[in-house]
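A short write-up of the structure that comes next.
The values are calculated or read from the model by the stated rules, or taken from the named source; none is laboratory data. Note that the coordinates shown come from a computational prediction; the quantities given were computed from them, not determined experimentally. A quick note on method: Cβ atoms are made from the backbone with ideal geometry, for glycine too, and the neighbour counts reach across all protein chains shown.
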Amino acid sequence: MPPLEPERNNPHAHSGNWLPCGVVARTLAVLLGCLAVSPAPAAAQDDSARPPNVIFILADDLGWSDTSVYGSTFYRTPGIERLARRGMTFSDAYAANPLCSPTRASILTGQYPARLRFTTPAGHLPQVVLDPVVPERGPPHRKAVTPQTRTRLPLEYHTLAEAMQAAGFATGFFGKWHLGREPYMPKRQGFDVNLGGGPYPGPPSYFRRTAFTRCPTVRRANTSPTA
C-alpha cells in the first residue's frame, strides 16, 4: 500500500521525514491500538509479487456505524475512507468480548477469552495472575461466584504477530496494549517495534504528551522507488 497523501490546509500537518513525539502521541490517543505489518525488504522484488501491507486498527467503544465508510453522516473519517478505497472492507464481524484486554488477547491468539481465562480488563494491574482460579465463595452481595482472570497474556501463546514474522513480515505495534507489564510487552509477543504500548489501560492523551516518557522521534520509512 502506498503512503497516504498529506492532508492539505491542516495546521497540524508535519512536512518532511520526521514525526515529532507530540504528533505521535496524538495519533496514538485517537487510534488506541494498531498492529501494522509489512513485507520485509527484498532486493529487486517485483511489486506485483510482494505480499500486501496489513494494518489492523482496533478502537475501543467504536460503534459499527461510527465511521463514514459504514454510513455515518455525523462523524467524518476521510482517512479511513481512503484506506477502505485502497484496501478491503467487511460487512459482518464481531468482537469476542465487550472489554479491552480480553478482546486484544483473543485477536492476537485466535482463542476465545474464556479459553484464555483472560476475561476482564486487568492487563494493567500490578499483580501477576497466570493461573486464575474459581473461588469457593463469592461476596455476600453477589448471587454468583466470579472466576479470577489472568492479568497477563502468557508468552507461550503463538500470536498473530509471531505468525506474520514467520511469514517474512516486519511487525509493529502502536497504541494501547493492556495485556501486561514487562516481560509481557509487545516486543516479547512478536512485534519488532513497539511505540506507545504499555501496561496502562490507554495511551496518554494529546494534552498529556509528557506522559510518554520514552517516546522516541520516529523516522518514516523511505518510500522512494527502489532501483
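Structure above, values below:
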item	result
Residue that is surrounded by the most Cβ atoms within 10 Å (Cβ to Cβ) [pool: residues in the stretch 53-81 that are under 16 Å from the mean Cα position of the chain (by Cα) and among the acidic types (Asp, Glu)]	Asp60
Number of positions in the stretch 82-106 that are crowded, with 18+ Cβ neighbours inside 10 Å and touching a residue at least 60 places away in the same chain (Cβ under 8 Å)	4
Qualifying positions in the stretch 68-95 - among the hydrophobic types (A, V, I, L, M, F, W, C) and part of a helix (DSSP H, G or I)	Val69, Ile80, Leu83, Ala84
Given (1) among the small types (Gly, Ala, Ser); (2) farther than 16 Å from Pro201 by Cα; (3) more than 16 Å from the chain's Cα centre (by Cα), number of the condition Ser106 does not satisfy	(3)
Residue pairs meeting the criteria (Cβ under 8 Å; at least 6 apart or on separate chains; first on the phi < 0 side of the Ramachandran plot and at pLDDT 90 or above, in the stretch 57-70; second part of a strand (DSSP E or B) and not basic (Lys, Arg))	none
Selected residue [modelled with pLDDT under 95, within 15 Å of the chain's Cα centre (by Cα) and surrounded by fewer than 18 Cβ atoms within 10 Å (Cβ to Cβ)] from Pro135, Pro201, Pro216, Pro140	Pro201
Residue among Ala122, Ala105 that alone is assigned to a loop (DSSP other than H, G, I, E, B) and within 16 Å of Tyr184 (Cβ to Cβ)	Ala122
Positions within the stretch 108-118 being part of a helix (DSSP H, G or I) and surrounded by 13 or more Cβ atoms within 10 Å (Cβ to Cβ), in sequence order	Leu108, Thr109, Pro113, Ala114, Leu116
Thr171 being among the polar types (S, T, N, Q) and at pLDDT below 90	no
Residue match in the stretch 48-55 (condition: part of a helix (DSSP H, G or I) and at pLDDT below 85)	yes
